[in-house]
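Written out below as structure tokens is the structure these notes cover.
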Amino acid sequence: MRYVEQVIDAQAAKEGDGVSIYRSVGSNNLTELDPFLLLDEIKSDEVSDYIGGFPSHPHRGFETVTYMLEGQMQHKDSVGNEGVIGAGDIQWMTAGSGIIHSEMPKQKEGRLWGFQLWVNLPASEKMRAPRYQEINSQRIPEVSFGAQHSVVRVLAGEYIGEQGIKIEGVVKGITTDPLMLDIKIAQGDSLVLDLPKGHAAMAYVYEGSAEMGDDLASTLVYAQQLALFGDGDHANEDDTLIISNKHVASDSSQNMAGVLLMSAMPLNEPIVRAGPFVMNSRQELEQAFEDYRFGRLTQ
């Protein structure tokens with residue numbers, strides 16, 4: 001069984017051109033959870049909170065993941081990729097040796113709600129060729145569970161449903177073997193799932209509240225909080241995780257819980273990072289800045 005070891009409150013911050021975010025991983029409370037380097041939530045109905053977007057900026061040495069719940073963002077990069085990421089879509093960009101991209105809101109009113117996740121690359125792949133996976137919402141498998149017909153969206157990795165059917169996410173070929181699930185849990189339902197052995201695991205509650213654990217030890221996690229899970233039983237092949245929505249909220253509109261679950265294999269390598277670059281040594285980091293300065297980053 002995997003139990004909650006720590007709960008992190010997301011911190012309000014500004015990124016890009018004045019975009020309001022809530023940061024959990026990459027904050028003063030949690031610098032990283034190997035291989036996860038950053039997790040931001042963007043959620044606002046006020047256009048002034050997001051209209052500046054994220055103008056062109058470089059990356060090297062890791063992967064960026066954008067997952068949208070509401071609204072639209074337009075992506076452009078130096079490799080020639082361009083597209084609009086809408087509600088339910090996911091984009092998994094492997095920056096590798098270097099890429100310059102922008103993510104700008106494709107709207108001037110309404111709610112913009114989504115996530116930005118950074119995942120580290122091993123030393124052997126930090127200078128690999130960039131790669132871009134953009135997956136439309138209709139391609140993402142959804143599986144119902146529980147008496148109240150709750151739903152799991154399988155973004156990456158493998159999920160085994162209640163009937164033992166294996167469902168594979170559409171994001172492929174990621175070295176850290178990530179599992180990424182968007183879980184909507186109705187009042188009264190519980191999700192029991194297996195996590196791969198050795199994975200670092202965390203769950204961000206973005207709506208309502210959710211209980212994590214079993215009758216022996218359970219932790220109630222609220223919206224804009226990140227739960228970090230401890231190690232499981234090393235004797236078993238997989239670790240069991242239980243997420244429930246049994247807490248009766250005072251506000252009836254909060255009967256649905258929204259949880260973004262992420263796990264991946266730690267790299268256990270040195271991390272030297274600054275701004276948009278994540279490398280293994282100070283020398284490699286300085287080289288990245290020099291390459292960007294002299295126009296060599298994307299060559």
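The values are calculated or read from the model by the stated rules, or taken from the named source; none is laboratory data. Fair warning: this is a prediction, and the values are worked out from it, not measured in the lab. For neighbour counting, all protein chains shown are included, and Cβ atoms are generated from backbone atoms with ideal geometry for every residue, glycine included. When the accessible area is computed, the model is the full protein with side chains, heavy atoms only, and any ligands, DNA or RNA have been set aside. Shrake-Rupley method; radii C 1.70, N 1.55, O 1.52, S 1.80 Å.
Excluding same-chain residues fewer than 8 positions from Lys126, which aspartates and glutamates have a Cα within less than 17 Å of its Cα?
Excluding near neighbours in sequence, the set is Asp34, Glu63, Asp177, Glu269, Glu284, Glu286, Glu290, Asp291.
Binning at 10 Å from 0, report for the chain what percent of all alpha-carbon pair distances ends up in each bin.
P(r) for the chain, in whole percents per bin: 6, 28, 37, 22, 6, 1.
How big is the charge dipole of the chain about its Cα centre, in debye rounded to the nearest 20, if each Lys and Arg gets +1 on its Cβ and each Asp and Glu gets -1 on its Cβ?
The calculated dipole for the chain is roughly 840 debye.
Take the Cα pairs of region 132-290, get the Kirkwood Rh, then feed it into Stokes-Einstein at 4 °C and 1.567 mPa s and tell me D in µm²/s.
Calculated translational D: 75 µm²/s.
Hey, what do the phi angles of region 216-226 turn into as Karplus ³J(HN,Hα) couplings, whole Hz, using 6.51/-1.76/1.60 and θ = phi - 60°, x for Gly and Pro?
So the Karplus estimates, Gly and Pro as x, are 6, 8, 10, 10, 8, 10, 9, 4, 6, 10, 10 Hz.
Only sites in a loop by DSSP and with at most 10 other Cβ atoms within 10 Å count here; which GluC sites (Glu not before Pro) in region 137-238 make the cut?
Those satisfying the criteria are Glu237.
Leaving out same-chain residues fewer than 8 places away, which lysines sit with a Cα under 27 Å from that of Lys246?
Candidates past the 8-residue exclusion: Lys43, Lys166, Lys184.
Mind pulling the angle between the C-alpha long axis of helix 282-293 and the longest principal axis of the chain? Nearest 10 degrees, somewhere in 0 to 90.
60 degrees
Keeping every protein chain present and rolling a 1.4 Å probe, give me the accessible area per residue for the chain in Å².
On a per-residue basis, 44 Å².
Of the heavy-atom accessible surface of the chain (probe 1.4 angstrom), what whole percent is carbon and sulfur?
Here it works out to 47 percent.
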